[in-house]
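Notes follow once the structure below has been shown.
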Amino acid sequence: MSLDKNKTAGSADILTDEQAAKLLEPIDSHIGEIQKKIDALRADGEEKIVLLKNGIQLAKENKALSKGERDSIVSSSEAAIAEAKKVEAANKSEIDSLIKEAEGYLKQHYAPEYQEKVEKSCTAEKQVTLASYERRLSEIDKEHEDNLAKLNSSDANYKQELKDENYVFKNKKFDAKMSCDKQLQAAKDHKHEAFTHEYHLIDLLRRSRFTFGERQAQKWEAYRYSFNRKQFFLRNGLYIVILLVFIMLCILTPIIKHTSLLTVNNIMNIMQQAAPRMFFALGVAGLILLTGTDLSIGRIVGMNMVISTVVMHNGPNTGTVFGKIIDLSSMGAGTRAILALLICILFSVMFTSIAGFFTARFKIHPFVSTMSNMLIIFGLVTYGTKGVSFGAIDTSIPAAFIPQIGAFPTIILWALAAIMIVWFIWNKTRFGKYLYAVGGNPEAASVSGISVFKVTLRAFMIAGVLYAFGAWLECQRMVGSGSAAYGQGWDMDAIAACVVGGVSFTGGIGKISGVVVGVLIFTALTYSLTILGIDTNLQFVFEGIIIIAAVTLDSLKYVQKK
């Protein structure tokens with residue numbers, strides 16, 4: 001260990017490497033003897049089965065063998081496997097008995113005779129190291145003061161000598177800190193190794209068949225060992241602050257508004273409002289993963305709200321579309337709902353594909369291509385509808401597609417389905433792997449044979465489908481009232497939710513779980529501020545602060561990696 005040669009006062013409990021090895025030797029020796037017996041029993045059973053199965057697989061893949069030769073090898077191997085299984089079954093009880101004996105010995109001897117002593121040694125070593133570090137700092141400070149006192153301010157070289165002395169002083173402190181950190185890390189490593197060694201022995205005995213409790217214990221130890229306070233706050237600092245703000249709002253709301261914030265009704269309302277927004281965030285998350293964005297979400301929402309309201313309205317619409325009054329009430333309610341969804345998908349995918357094409361083909365930044373989309377969509381929809389807000393939709397449609405079952409709004413189930421589908425696309429499909437690859441390094445992805453153009457265009461098209469579904473559900477949630485201005489600012493909400501959820505603008509970094517958390521955070525915060533009576537304009541201030549904080553933390557993480 002790191003303090004083998006220089007034991008100081010209070011270091012009596014510190015073990016040398018030789019002492020630690022001596023404590024472990026009888027345990028390893030005893031378990032090793034049992035392991036030899038187990039290995040011998042497994043040789044003609046379990047081990048042989050594995051080797052024979054590997055041989056069958058190799059034979060099947062060997063193109064040099066004829067069908068007859070391959071069949072002969074497989075047949076003889078399967079016969080040998082059958083015999084080996086008999087041996088395995090015959091030896092099972094004896095192997096189980098030996099494993100039980102070894103585990104009983106470990107339980108009785110490992111912790112008290114080795115692990116606890118090593119942990120005590122590491123704790124003592126840490127204390128001695130910190131004390132030594134403090135003494136060294138004091139010595140360095142005194143040396144620095146003495147050296148400064150020796151300098152003559154009237155000397156022509158005084159400024160340079162002062163600069164040199166300060167430089168040496170900082171280097172000595174830095175070296176002392178590095179030496180201290182190295183010794184602390186060595187103690188931490190030794191403690192971790194003492195923990196993991198027991199599981200290594202169990203792993204050999206049981207062939208990695210750990211119990212649930214053992215797996216959790218190993219995960220917790222791995223987390224503790226790799227925990228870094230600075231990295232933890234970089235990753236979770238913003239969440240902690242938002243959680244504290246939310247707790248404060250929960251305390252203030254009953255005092256100011258005489259009502260509780262954490263009621264079932266409020267939670268269901270937050271989930272209900274978050275459901276359509278989840279679609280928008282999931283859509284733009286794929287674009288941010290490609291180091292892009294989408295400024296047209298809000299206007300696409302407005303366009304789709306108009307389409308949905310016009311199509312799903314029962315009777316002649318209160319406004320006109322390019323001078324025409326549209327009445328589709330002759331169709332059934334369900335047919336109109338599906339028609340509205342299909343038209344929304346058609347127009348959304350068309351516009352996002354245009355932005356995706358220019359981004360992928362001409363390397364135009366998504367900020368520009370989607371901003372152009374935003375202006376075109378808003379102009380067309382406002383001109384076509386004269387800015388009129390259309391009336392309510394047929395109430396039987398939301399009753400059929402997003403019914404309220406007691407206090408539970410089933411619109412949440414649509415959001416859950418979207419989350420699962422997008423998670424599957426990102427994590428279980430070739431396109432998902434390509435998405436991360438292109439986002440992380442488009443040049444390397446292109447060299448690897450990935451079509452950056454196709455991946456980018458498909459990401460925009462998927463976003464269009466999600467926007468359409470989100471707006472269609474929002475129209476049903478609000479029972480209509482579609483207008484070109486509806487959805488203003490929703491692009492910022494969706495982007496902010498992704499950033500807060502850890503989808504990085506640097507590309508190739510992000511998880512669906514983060515997007516979900518981001519949407520819920522923003523929806524809950526907005527809802528809470530509204531209940532508290534905070535002006536809508538001031539809510540934008542909160543949102544802006546959260547966004548800049550999230551992006552700053554993301555940038556800091558990126559700079560550290562670089």
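Computed from the coordinates by the stated procedures, all read-outs in this text should not be read as laboratory data. Quantities reported herein were computed from a predicted structural model and do not represent experimental measurements. Here the Cβ positions follow ideal geometry from the backbone for every residue, glycine too, while neighbour counts run over all protein chains shown.
Packing order of peptides 309-319, 467-477, 357-367, 161-171, highest average first: 467-477, 309-319, 357-367, 161-171 (average count of other Cβ atoms within 10 Å over each peptide's residues).
Take every Cα pair under 8 Å whose residues are at least 6 apart in sequence, average their separation, divide by the length of the stretch 17-227, and the relative contact order is 24 percent.
Can you figure out the FRET efficiency of Ser76 with Tyr105, using R₀ = 41 Å and their beta-carbon distance, to the nearest 0.05?
Details: r = 41 Å, r/R0 = 1.00.
Step by step, r from the Cβ atoms, then E = 0.50.
Here the contact order of the chain, divided by its residue count and restricted to Cα pairs under 8 Å and six or more residues apart, works out to 17 percent. Straight-line reach from Lys188: taking Cα to Cα under 17 Å and skipping same-chain neighbours fewer than 8 places apart, the aspartates and glutamates in range are Asp4, Asp13, Asp17, Glu116, Glu119, Glu125, Glu198, Glu221.
Straight-line cross-link reach from Lys454 at under 19 Å between alpha-carbon atoms covers these lysines, not counting any fewer than eight positions away in the same chain: Lys363, Lys428, Lys433. Principal-axis analysis of the Cα atoms of the chain puts helix 512-532 at an angle of about 60° to the longest axis.
For Gly480, the residues whose modelled amide H falls within less than 5 Å of its own, excluding neighbours fewer than 5 places apart on the same chain, are Ile393. Annotation for Lys85 and Ile251: the two label points, set 7 Å from Cα along the Cα-Cβ direction, are 6.5 nm apart. Ranked by the mean number of other Cβ atoms within 10 Å per residue, highest first, peptides 240-252, 377-389, 224-236, 13-25 order as 377-389, 13-25, 240-252, 224-236. Estimated at 0.36 nm per residue, the fully extended path between Phe210 and Glu134 surpasses their Cα-Cα distance by 23.0 nm. Neighbours of Gly470 by Cβ distance under 15 Å: Lys/Arg scored +1, Asp/Glu scored -1, total -1. Judged by the mean number of other Cβ atoms found within 10 Å, the most tightly packed of the peptides 27-33, 321-327, 336-342 leads the ranking 336-342, 27-33, 321-327.
Helix-only mean residue ellipticity at 222 nm, the chain, DSSP H runs n ≥ 4 weighted -39,500 (n - 2.57), per residue, nearest 500. What is it? Before the final figure, lay out each step's value.
Values: 19 runs with 432 residues, N = 562.
One gets -27000 deg cm²/dmol as the mean residue ellipticity at 222 nm.
Placing pseudo-labels 7 Å out from each Cα toward the beta carbon at Lys433 and Glu113 gives an inter-label distance of 4.9 nm. Candidate cross-link partners of Lys150 among the aspartates and glutamates, defined by an alpha-carbon separation under 20 Å and a same-chain spacing of 8 or more, comprise Glu139, Asp141, Glu161, Asp164, Glu165. Answer with a single label: of (1) 26.8; (2) 28.6; (3) 44.3, which was calculated as mean projected area of the Cα convex hull in nm² from the structure in view? Here mean projected area of the Cα convex hull in nm² agrees with entry (3).
If the limit is 25 Å between Cα atoms, which of Lys117/Lys173; Lys22/Lys126; Lys48/Lys100; Lys48/Lys107 go over it? Each step should come with its number before you reach the end.
Working: Lys117/Lys173 32 Å; Lys22/Lys126 22 Å; Lys48/Lys100 23 Å; Lys48/Lys107 31 Å.
Long pairs (Cα-Cα over 25 Å): Lys117/Lys173; Lys48/Lys107.
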